[in-house]
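The values are calculated or read from the model by the stated rules, or taken from the named source; none is laboratory data. These numbers were taken from a predicted model, which means no experiment stands behind them. Neighbour counts run over all protein chains shown; Cβ positions are idealised from the backbone, glycine included. Areas reflect the complete protein model, heavy atoms only, side chains present, ligands, DNA and RNA absent. Shrake-Rupley method; radii C 1.70, N 1.55, O 1.52, S 1.80 Å.
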Amino acid sequence: MVEYTVALSGNGLSAEVLVLSLDKAGHGLPAFIEELAEDFRGWDGTRMWENADHDFGVEAEWTTRGHVDLRWWITPSIYDKWTASVVVEVEAGAEMSGLAHALASFFAI
């Protein structure tokens with residue numbers, strides 16, 4: 001079990017949540033992002049990952065410009081009615097691979 005804080009901010013928005021997850025190198029979020037990096041030629045539809053408590057997740061959509069829109073979202077608990085999200089555009093090749101490597105390194109600690 002890994003515990004970490006996820007914070008989202010931008011254009012006057014600031015939100016954070018404490019996340020409990022089974023993430024570690026080779027599993028969970030790092031593995032999801034690595035799979036996206038390996039599929040740099042694209043896919044149809046939206047791919048999604050979320051932690052076991054359903055309070056943090058990411059949706060990935062491949063665009064025709066060779067980029068991936070990553071919509072990162074958090075919600076503090078199943079009892080709260082709000083969700084905060086931000087969309088980050090990432091280049092489908094080297095930039096996504098760099099993100100996958102950074103996440104694998106973070107969870108390897």
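Here the contact order of the chain, divided by its residue count and restricted to Cα pairs under 8 Å and six or more residues apart, works out to 26 percent. Of the solvent-accessible surface of the stretch 44-109, computed with a 1.4 Å probe and all protein chains present, 56% belongs to carbon and sulfur. With R₀ fixed at 35 Å, the C-beta to C-beta distance from T83 to D39 puts the FRET efficiency at about 0.85. Summarising the amide proton neighbourhood of H67: residues at separation of 5 or more, or on other chains, whose placed amide H is nearer than 5 Å comprise A92.
For the chain, the 222 nm mean residue ellipticity estimated from helices alone, with every DSSP H stretch of n ≥ 4 adding -39500 (n - 2.57) and the total spread over all residues, rounds to -7500 deg cm²/dmol. Each Lys and Arg Cβ is given +1 and each Asp and Glu Cβ -1; about its Cα centre, the chain then shows a dipole of about 100 debye.
The HN-Hα couplings worked out from phi for the stretch 84-100 by the Karplus form 6.51 cos²θ - 1.76 cosθ + 1.60 (θ = phi - 60°) are 10, 8, 9, 10, 10, 8, 10, 5, 5, x, 5, 5, 5, 4, x, 5, 4 Hz, whole numbers, x standing for Gly and Pro.
With all protein chains kept in place, the per residue accessible area of the chain amounts to 60 square angstrom at a probe of 1.4 angstrom. Within the stretch 10-79, the trypsin sites (Lys or Arg not before Pro) that combine a DSSP coil assignment with at most 15 other C-beta atoms in a 10 angstrom radius are R41, R65. Distance from the Cα centroid of the stretch 33-56 to that of the stretch 58-109 is 8 Å (rounded to whole angstrom).
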